[in-house]
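So the structure is just underneath, and the comments pick up after that.
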Amino acid sequence: GIVCNNTAKSESIQKAVDLAKNEEVDAVVLFLGLNQHIEREGVDRLNVTMPGKQIELARKVASAVNGKKPVIVIFFSGGSLDIAWAKESDAFPALVWAGYPGQEGGQAVADVLFGKINPSGRLTQTFYRNEYTEQVKMSDMRMRPDGKGYPGRTYRFYTGEPVYEFGHGMSYTTFESNIIHDGREVGLG
């Protein structure tokens with residue numbers, strides 16, 4: 001893997017670009033996000049942006065392959081991320097939020113990517129644009145909007161347009177249901 005942090009050098013990103021352009025590569029999988037140096041118990045983030053040069057890396061890799069191969073992005077974090085830049089781009093046909101998946105997380109992500117299992121996960125929180133953190137101090141725990149510019153907090157009270165809503169998710173399966181009634185009535189009692 002190629003490390004991309006605040007001190008990442010341009011040659012690290014260029015190595016990733018060169019690898020992605022290699023003709024033997026069928027698809028690109030980027031693993032981006034946070035770690036527990038950035039967010040953990042007792043350490044609060046000040047915003048929901050991607051740290052370091054991760055967005056630059058993703059955009060340069062996607063630009064290099066120019067739609068000729070898929071660029072899949074796996075995001076790791078414990079909390080919400082502003083990933084609107086990826087959602088709103090046609091360059092990234094698959095976005096997966098993996099949380100902090102633990103010891104078998106790599107295998108679990110691989111099983112999803114290769115279709116071995118059918119994912120049915122849903123987001124455990126709302127993903128906001130970073131501008132939201134400029135409206136709401138991360139230390140302000142009020143929930144409801146106040147009508148004076150405070151937009152509210154959580155999926156229940158936030159009135160803006162989120163990147164992804166609480167509970168968003170999908171699976172490879174489509175479901176269909178029908179209610180069948182045979183005309184008989186059933187009594188209670």
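Couple of notes before you dig in:
- Taken as a whole, region 90-106 holds no residue that is polar (S, T, N, Q), farther than 26 Å from THR174 by Cβ and either in contact with a helix residue (DSSP H, G or I) (Cβ under 9 Å, 6 or more places away or on another chain) or buried (at least 16 other Cβ atoms within 10 Å of the Cβ) (or both).
- From the options SER10, SER80, residue that is among the small types (Gly, Ala, Ser) and more than 18 Å from the chain's Cα centre (by Cα): SER10
- In this structure, SER120 does not satisfy being closer than 29 Å to LYS69 by Cα, touching a residue at least 24 places away in the same chain (Cβ under 8 Å) and surrounded by 12 or more Cβ atoms within 10 Å (Cβ to Cβ).
- Among the residues of region 160-178, the ones that are open to solvent by less than 100 Å² (accessible area, probe 1.4 Å) and among the hydrophobic types (A, V, I, L, M, F, W, C) come to 2 in all.
- Qualifying positions in region 48-68 - assigned to a loop (DSSP other than H, G, I, E, B), surrounded by 15 or more Cβ atoms within 10 Å (Cβ to Cβ) and of a type outside the set (Gly, Ala, Ser): VAL48, THR49, MET50, PRO51, LYS53
- GLY147 fulfils the conditions (1) surrounded by 11 or more Cβ atoms within 10 Å (Cβ to Cβ); (2) at positive phi; (3) not polar (S, T, N, Q) except for a single criterion, (1).
- Filter result (open to solvent by less than 30 Å² (accessible area, probe 1.4 Å), outside any loop (DSSP other than H, G, I, E, B) and under 19 Å from HIS37 (Cα atoms)) within region 69-88: ILE74, PHE75
- So VAL17, is it part of a loop (DSSP other than H, G, I, E, B), among the β-branched types (Val, Ile, Thr) and either closer than 21 Å to GLU88 by Cβ or open to solvent by less than 50 Å² (accessible area, probe 1.4 Å) (or both): no
The values are calculated or read from the model by the stated rules, or taken from the named source; none is laboratory data. The structure presented is a predicted model; accordingly, all values stated were derived computationally and were not measured. All Cβ positions, glycine included, derive from the backbone under ideal geometry; neighbour counts span all protein chains shown. Ligands, DNA and RNA are stripped out before the accessible areas are found, and what is left, the full protein with its side chains, is counted by its heavy atoms. Shrake-Rupley method; radii C 1.70, N 1.55, O 1.52, S 1.80 Å.
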